[in-house]
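Notes follow the structure.
The values are calculated or read from the model by the stated rules, or taken from the named source; none is laboratory data. Source: prediction; values computed, not measured. Heads up, the Cβs are rebuilt from the backbone with ideal geometry, glycines too, and the neighbour counts pull from every protein chain shown. Heavy atoms of the whole protein, side chains included, go into the accessibility calculation; ligands, DNA and RNA do not. Shrake-Rupley method; radii C 1.70, N 1.55, O 1.52, S 1.80 Å.
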Amino acid sequence: MTSSEVTSREVTATTQVRPPARKSVPAKKVRRGFSDRALGTLMLLPALLLLLVFAVYPFLASVFDSFFRIDFLTREHTFLGPDNYRRLWEDPAVRGAFGRSVLWVAANVVIQAVLGVAVALLLNAGLRGQSLARGLVLFPYVVPAVVAALVFRFLFNDTSGVAGYALRELGLSESLANPFADPATVLGALVAVNCWKYVPFVVIVVLARLQTLPGELKEAASLDGAGRFGIFRHVTLPWIAPALIVAMLMRTIWTAYDFDLPYLLAAGGPMDSSTTVPLAIRKLAFADQDLGLASALAVCVAILLVAGARLYLRAYRSSESALS
C-alpha cells in the first residue's frame with residue numbers, strides 16, 4: 001500500500017461524520033416514600049397506643065388513687081397522703097399475702113427454669129420420637145387457664161377425684177383428699193399446677209437457643225477432656241444463659257401478677273392460706289371497697305418488679321459479655 005493511499009484513508013476517517021453526543025439529561029427526582037425509621041415508628045404506633053391505654057394510664061391512675069380514700073360508689077376522693085402505704089405495712093393480712101407471693105414467685109421461677117432446661121436438653125438430644133415429644137410437651141402451654149383449672153379440680157375432687165382415688169389405691173393417702181382444700185398443701189399444689197402449665201414456655205425459649213449452639217464448641221471441649229457435665233457447665237449453660245434469663249424475667253413478672261389459676265383453684269383459701277398479692281388487691285378493692293389501699297399495694301408491687309427487672313437485665317448483659 002502506497003503512502004498516498006494511507007494518507008487518503010486517514011483523511012477519510014477523520015472527516016467521517018460522527019453522531020452528535022447525547023446531552024446529559026438530569027435524572028428525574030424520584031418521590032421517596034417513608035424512610036425506614038418513619039415506617040418503623042408508624043408500625044409501632046398501634047402497640048404504643050395499646051400500652052398507653054392499658055398499661056401506662058392505669059399505672060398513673062393507681063399512683064394518683066393511692067394517696068386518697070375513694071368512695072366506692074360516688075368516687076369521691078379524700079386526700080390521705082402516704083397514709084395508705086403506712087397502712088399496708090401495718091396490715092398483717094397484706095404482709096402475709098406479700099410473703100406468700102414471694103414464695104409463690106420464687107418456687108415457680110426456680111422449678112420452671114430447672115425443669116425447662118432439663119426437658120429442652122432431652123428434646124435436643126436426638127432421641128427417638130423427638131418430634132412427637134416436642135408436640136406433647138407444648139400441649140399444656142396452649143391449654144387455657146380456665147380449662148386447666150377445671151381439669152385439676154375434677155381430678156382432685158374430694159368425693160370422686162380420679163387422682164385422689166389413685167393415691168388411695170397406691171397407699172399414699174387414706175382418703176380422697178383435695179390438696180386445694182388443705183391449708184398445708186394448697187400453695188404447693190398451686191405451684192405444681194402452674195409449673196405443669198408454664199414449663200413448656202421455658203422449654204420453647206431454651207430449645208430455640210440450643211438450636212444455634214455451634215457444634216465446634218462441644219467438639220473443642222470434648223477434645224480438651226471435658227465430660228458431659230463439663231460440656232454442659234462450660235459450653236451449653238453459658239450459651240443458653242441469655243435466653244434463660246429473659247425467660248425467667250418474663251415468668252417472674254407474669255407469675256407475680258398471676259390471678260386466674262390461684263383464684264380458680266383455691267380462691268385464696270382455705271383461711272387465706274393461698275392469698276397472694278393479686279388476690280389481696282382484688283379483696284381490698286371489691287370486698288373491702290378500699291380502692292386507695294388496693295392501688296397503693298399495686299404500686300408497691302410494680303416498683304418491686306421494676307427493681308427485680310433491673311437485676312435480671314444486669315445479669316443478661318453479663319451473660320452476653322461472657323460469650324463475646
Segment 137-152 - residue that is under 22 Å from Ala243 (Cα atoms) and open to solvent by 30 Å² or more (accessible area, probe 1.4 Å) and, of those, nearest to the chain's Cα centre (by Cα): Tyr141
Does segment 66-79 include one or more residues that are open to solvent by 70 Å² or more (accessible area, probe 1.4 Å), over 27 Å from the mean Cα position of the chain (by Cα), polar (S, T, N, Q) and more than 30 Å from Leu264 (Cβ to Cβ)? yes
Examine segment 195-203 for a residue that is without any contact (Cβ under 8 Å) to a residue 40 or more places away in the chain, under 22 Å from the mean Cα position of the chain (by Cα) and under 28 Å from Ala243 (Cα atoms), and state whether such a residue exists. no
Return only the number of the condition from (1) open to solvent by less than 30 Å² (accessible area, probe 1.4 Å); (2) not in a loop (DSSP other than H, G, I, E, B) that Ile253 does not satisfy. (1)
Would you confirm whether or not segment 116-135 contains a residue that is of a type in the set (Lys, Arg), under 27 Å from Gly268 (Cβ atoms) and assigned to a helix (DSSP H, G or I)? no
Matching residues, segment 84-95, being surrounded by fewer than 15 Cβ atoms within 10 Å (Cβ to Cβ) and out of contact with any Lys or Arg (no Cβ under 8 Å at 6 or more places or on another chain): Arg86, Glu90, Pro92, Ala93, Arg95
Check Leu279, Leu261, Leu207, Leu244 and return the single one that is touching a residue at least 24 places away in the same chain (Cβ under 8 Å), within 30 Å of Leu73 (Cβ to Cβ), among the hydrophobic types (A, V, I, L, M, F, W, C) and part of a helix (DSSP H, G or I). Leu279
Given (1) within 30 Å of Pro214 (Cβ to Cβ); (2) surrounded by fewer than 20 Cβ atoms within 10 Å (Cβ to Cβ), identify the lone condition not met by Ile240. (2)
Candidate set: segment 97-123, residues that are touching a residue at least 60 places away in the same chain (Cβ under 8 Å) and open to solvent by 50 Å² or more (accessible area, probe 1.4 Å); chosen: the one nearest to Thr212 (Cα to Cα): Leu121
Restricting attention to segment 158-177, and to residues there that are of a type in the set (S, T, N, Q) and out of contact with any helix residue (DSSP H, G or I) (no Cβ under 7 Å at 6 or more places or on another chain), which single residue is surrounded by the fewest Cβ atoms within 10 Å (Cβ to Cβ)? Thr159
For segment 299-324 the number of residues that are closer than 30 Å to Pro82 by Cα and open to solvent by 30 Å² or more (accessible area, probe 1.4 Å) is 9
Out of the residues in segment 258-271 that are touching a Pro at 6+ places or on another chain (Cβ under 6 Å) and open to solvent by 60 Å² or more (accessible area, probe 1.4 Å), state the one that is modelled with the lowest pLDDT. Met271
Residues (surrounded by fewer than 16 Cβ atoms within 10 Å (Cβ to Cβ) and aliphatic (A, V, I, L, M)) located in segment 286-298: Ala287
Gly135 meets each of (1) closer than 20 Å to Thr255 by Cα; (2) small (Gly, Ala, Ser); (3) modelled with pLDDT under 85 with one exception, condition (1)
May I ask you to verify whether Gly292 is modelled with pLDDT of 90 or more and touching a strand residue (DSSP E or B) at 6+ places or on another chain (Cβ under 8 Å)? yes
Among (1) modelled with pLDDT under 85; (2) part of a helix (DSSP H, G or I), there is one condition Leu42 misses while meeting the rest; what is its number? (1)
